[in-house]
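Taking it in order: structure first as structure tokens, then the write-up.
The values are calculated or read from the model by the stated rules, or taken from the named source; none is laboratory data. What you are looking at is a predicted structure, and each value in this text was computed from that prediction instead of being measured. All Cβ positions, glycine included, derive from the backbone under ideal geometry; neighbour counts span all protein chains shown. Note: areas computed on protein heavy atoms with side chains; ligands, DNA, RNA excluded. Shrake-Rupley method; radii C 1.70, N 1.55, O 1.52, S 1.80 Å.
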Amino acid sequence: MNGFEKIISISDYSVDTRHTCFLGSYLRKLFRGMDVDQKHLRRVFGQFATGVTLIVGLDSKGEKSAFTATSFNTVSLEPPLAVFSVSKTGRVGAHLLQCETFIVNVLAEYQADISDLFGRPAALKDRSQALSDMEHEWGVRVPDVLAVMRCVPFLTQDVGDHVLFVVRIVDAVFEEDKKPLIFFSSRYHGVHD
């Protein structure tokens with residue numbers, strides 16, 4: 001029986017809810033010393049379809065950092081919180097820790113070019129020009145997206161090779177008649193009714 005099958009069959013154990021650390025302790029022992037090939041794991045993660053966002057961080061001096069993220073998710077409605085993660089070794093991570101505002105743009109199915117510009121190696125000049133073209137009263141807003149959220153930092157946490165950013169949503173708008181850009185198995189897709 002491999003580790004995954006063992007996790008599925010943990011119902012064989014009686015878990016007293018007063019001792020909920022049992023499961024965490026059990027999983028730590030189960031996976032201690034197990035190395036997972038990163039290329040393989042990246043392909044496994046790629047089997048989870050996600051929406052695509054362009055997140056722009058703005059610091060107190062008006063400096064901007066922008067990146068494509070598929071790791072954006074809701075956390076809470078009260079208070080209104082969301083989360084995204086950024087690689088510690090990426091080009092924008094250090095600057096984002098200094099940012100006072102984050103603008104999250106949920107990209108529409110026809111905006112793969114914007115995703116590519118900020119998610120793949122590209123000339124900084126091209127990115128800078130694109131950000132200038134998207135100036136908005138909130139800072140930076142991509143035109144014709146599905147939704148935009150203006151957020152402020154709530155909590156950051158180092159986790160593995162990434163930093164988690166939990167942000168509080170302070171403003172949000174959306175459009176109903178557009179379809180999202182989907183990222184699945186290392187490719188873009190649209191939603192078909």
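A 1.4 Å probe, protein heavy atoms only, puts the accessible area of L54 near 0 Å². Among the listed pairs K61/K178; K39/K179; K64/K179, those whose Cα-Cα separation exceeds 32 Å are K61/K178. Cα centroid separation, the range 79-128 to the range 156-190: 10 Å.
Site pair D177 and Y110 shows an inter-label distance of 1.2 nm when each label is modelled 7 Å from Cα along Cα→Cβ. Highest average first, the peptides 90-100, 161-171 ordered by how many other beta carbon atoms sit within 10 Å of their residues are 161-171, 90-100.
At q = 0.14 Å⁻¹ the log10 of I(q)/I(0) for the range 37-181 amounts to -0.65, computed by Debye summation with a single uniform scatterer per C-alpha, solvent ignored.
Each residue, L41 and R120, gets one label point 7 Å from its Cα in the Cβ direction; the gap between the two is 2.5 nm.
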